[in-house]
Every structure is written in C-alpha cells, then in structure tokens.
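The values are calculated or read from the model by the stated rules, or taken from the named source; none is laboratory data. These numbers were taken from a predicted model, which means no experiment stands behind them. We place every Cβ from the backbone using ideal geometry, glycine too, and count neighbours over all the protein chains shown.
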C-alpha cells in the first residue's frame with residue numbers, strides 16, 4: 001500500500017499549505033489519477049479542519065460570510081467580480097442586500113473560497129428600498145410665463 005503524502009491537519013500553517021496545494025491542483029487543466037486522488041483527499045482533510053475549527057457562526061448570513069471572506073482574502077468587489085466573471089454592480093447589490101445569491105454564484109463563490117455551498121445557501125432578507133412615487137408629468141399643467149408689469153408713475 002502506497003503512503004499518502006498528506007496527513008490529518010493539526011496546525012493552521014498546515015491548513016493554509018494544504019489550501020494552497022488544493023488550489024494549485026484544481027487549476028491544472030488535465031488532471032491525472034494521482035492529482036485527482038490528491039484533490040479528493042485534500043478536500044476531505046480541509047473540510048474536516050473547517051468543521052472542527054469553523055470560525056463562521058452557523059447563524060451568520062451568506063452576505064456577512066462573503067464580506068468576511070473578501071476581507072480575509074483582501075478582495076474588493078471589482079476584483080471578485082472579475083474572478084467570478086460577473087458585473088461589479090451584481091457583487092455590490094449582493095453585498096448591500098439588494099440582490100440574492102443565485103445558485104451559479106453560490107457555486108462559484110464556494111469554489112473560489114473553498115467553503116461548503118451550504119454556508120452560502122441560507123435564507124436572508126433583502127432590502128427593498130421604498131420607491132418614491134412617480135410623478136406623471138403628462139397631466140401636469142404648465143403655466144404661461146408671467147409678464148412683467150411696469151408701474152406707471
């Protein structure tokens with residue numbers, strides 16, 4: 001039996017190292033069997049560490065989590081938008097609770113940040129700004145310009 005080069009994660013340094021290795025392996029275009037096996041094993045080890053050392057509150061909503069992940073990875077909305085191939089306005093709307101996370105965005109975010117899709121797939125309230133009443137200008141009467149009256153003295 002061939003010994004695996006990976007062991008149960010016991011330190012944060014080891015965790016970060018394995019995350020970097022996993023990211024490198026995932027980026028390989030054509031993976032061989034050994035690389036695929038390594039991806040699966042690293043994923044299991046990282047997920048186990050995340051479950052045991054999860055700093056994310058189970059009650060945290062997906063937008064708070066996304067904000068935290070962006071801050072930890074030193075990403076701005078425009079950077080994340082480029083990586084996910086979406087518009088900056090979409091990311092901004094999500095971060096400001098104006099738009100919900102779609103299934104596609106959840107998948108992309110989970111892949112990007114190496115987190116479970118379940119963390120991002122939770123219900124949360126959107127903010128729907130009160131719309132000002134629309135003024136119908138078609139019915140607004142117009143005034144004729146006033147004539148200046150000259151005072152005769």
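Quick one: would you say residue 38 is surrounded by 12 or more Cβ atoms within 10 Å (Cβ to Cβ) and assigned by TED's automatic domain parsing to the domain that holds residue 121? Before the answer, list the steps.
On the way: surrounded by 12 or more Cβ atoms within 10 Å (Cβ to Cβ): yes; assigned by TED's automatic domain parsing to the domain that holds residue 121: no.
Spelling it out, it is not the case that residue 38 is surrounded by 12 or more Cβ atoms within 10 Å (Cβ to Cβ) and assigned by TED's automatic domain parsing to the domain that holds residue 121.
Considering every residue within the range 112-122, establish whether at least one is closer than 23 Å to residue 23 by Cβ and modelled with pLDDT of 90 or more. Taking every residue of the range 112-122 in turn, at least one turns out to be closer than 23 Å to residue 23 by Cβ and modelled with pLDDT of 90 or more. Within the range 82-98, at least one residue is part of a helix (DSSP H, G or I), in contact with a helix residue (DSSP H, G or I) (Cβ under 6 Å, 6 or more places away or on another chain), closer than 17 Å to residue 119 by Cβ and touching a residue at least 24 places away in the same chain (Cβ under 8 Å). Flag not set for residue 76, criterion: farther than 18 Å from residue 120 by Cα and either over 13 Å from the mean Cα position of the chain (by Cα) or surrounded by 14 or more Cβ atoms within 10 Å (Cβ to Cβ) (or both).
So, residue 149, is that one at pLDDT 85 or above and either surrounded by 15 or more Cβ atoms within 10 Å (Cβ to Cβ) or part of a loop (DSSP other than H, G, I, E, B) (or both) or not? When the stated conditions are applied, residue 149 does not pass them.
Can you find a residue in the range 50-63 that is closer than 30 Å to residue 128 by Cβ and part of a helix (DSSP H, G or I)? Yes, there is a match, as at least one residue in the range 50-63 is closer than 30 Å to residue 128 by Cβ and part of a helix (DSSP H, G or I). On inspection, residue 66 fails the criterion of being part of a helix (DSSP H, G or I), more than 18 Å from the chain's Cα centre (by Cα) and modelled with pLDDT of 90 or more. Residue count for the range 8-26 under the criterion of being surrounded by fewer than 15 Cβ atoms within 10 Å (Cβ to Cβ) and out of contact with any helix residue (DSSP H, G or I) (no Cβ under 8 Å at 6 or more places or on another chain): the result is 9. For the structure I just gave you, tell me whether residue 29 is surrounded by fewer than 11 Cβ atoms within 10 Å (Cβ to Cβ), part of a helix (DSSP H, G or I) and modelled with pLDDT of 85 or more. So residue 29 does not fit the description; no.
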